[in-house]
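The values are calculated or read from the model by the stated rules, or taken from the named source; none is laboratory data. Not measured: the values here are computed from a predicted model. Here the Cβ positions follow ideal geometry from the backbone for every residue, glycine too, while neighbour counts run over all protein chains shown. Ligands, DNA and RNA are stripped out before the accessible areas are found, and what is left, the full protein with its side chains, is counted by its heavy atoms. Shrake-Rupley method; radii C 1.70, N 1.55, O 1.52, S 1.80 Å.
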Amino acid sequence: MADSDRSDDKPASLLTKTQRSRIREAFAEQDEHQRRRDQRQIRERVRAGVTDFEVLADYPDRQFELAFDDLDEEALTAALADARLVTERLRSLHGVDRQAVVDRASDRANAVSQTLDDTESLDGVELVPAATYRQQGRAAAAAEHGNRWDERADGLLKTAAVAALPLLVGWFADTVTEQNLLRPERRSGS
C-alpha cells in the first residue's frame, strides 16, 4: 500500500482526510472560491494544531508512548523529521530567532519537569541550537584528528632537527678536537 493510501486511512488530525487529499491534488477539483475557502480552513487548522503543542508539552510520557506504539522507528523518524521541517519553516518565515526558540523551549522543559511526574523523556531532550552542534563537531574532529597546522609544524620541526643533526655532530667534534673540522685550513705563503 502506498504512503498516500495509508495516510488517507488516518483519522482526522491536524488536517481532515479531505483536506489532506486536496493538498496532495493541489486543489485540482476545486473552483477558485472552493480553493480559497479550503485553504483558509487549512490555515486555521494548522494554526490551531501548532498552538496545541502548548497543551501537549504537558502530556505524560506514557500517553505519548501509547499514541505511537504502533509506528515503527522508520515511520516515527520520518514523521518527526517532517514536524521539525515544518516548525523550522514557520520559524524562518516569521523571522523568529532560533536561539529565542531554544531558550523558550528550555524554560518550558524545566517548568514541565517540575510540575509533572511522568516526564523522564525530558532527560533525553537536548535543546541546542545548530551553531552549538557545529562547534561541538569541530571540537570533536580537532580532538580526534588534531589541527592540521599543528601537524605540519610538528613535521617541519622534525625535518629541521634531522637536517641539523650532522651539523651539530660536526660542531661538537670541532670543539672537542683541535682539528678545526668546520673551518677550512688556510695555507700560508699564498
Exercise for the section: Assuming R0 = 30 Å, can you tell me the calculated FRET efficiency for the pair Ala142 and Val102, based on Cβ-Cβ distance, to the nearest 0.05? Expected result: 0.75
Handout entry: Cα-based equivalent ellipsoid of segment 67-152: semi-axis lengths in Å, sorted from largest, via gyration tensor
Key = 30, 18, 18
Exercise for the section: Specify whether the C-alpha gyration tensor of segment 73-114 places it in the rounded, prolate or oblate class, a ≥ b ≥ c being the square roots of the eigenvalues: rounded for a/c under 1.5, otherwise prolate if a/b is larger than b/c and oblate if not. Expected result: oblate
Completion exercise
Taking a ≥ b ≥ c as the square roots of the eigenvalues of the Cα gyration tensor, with a/c under 1.5 meaning rounded and otherwise prolate when a/b exceeds b/c and oblate if not, segment 26-127 is prolate
Practice task
Could I have the simple spin-label model distance between Gln135 and Val112, label points 7 Å from Cα toward Cβ, reported in nm to one decimal?
Solution key: 2.5 nm
Fill in the blank from the handout: Expected unfolding gain across Ala67-Ala79 under the 0.36 nm per residue rule, minus the alpha-carbon gap, is 3.0 nm
Completion exercise
For segment 13-141, the percent of accessible surface on carbon and sulfur atoms (probe 1.4 angstrom, ligands and nucleic acids excluded) is 52 percent
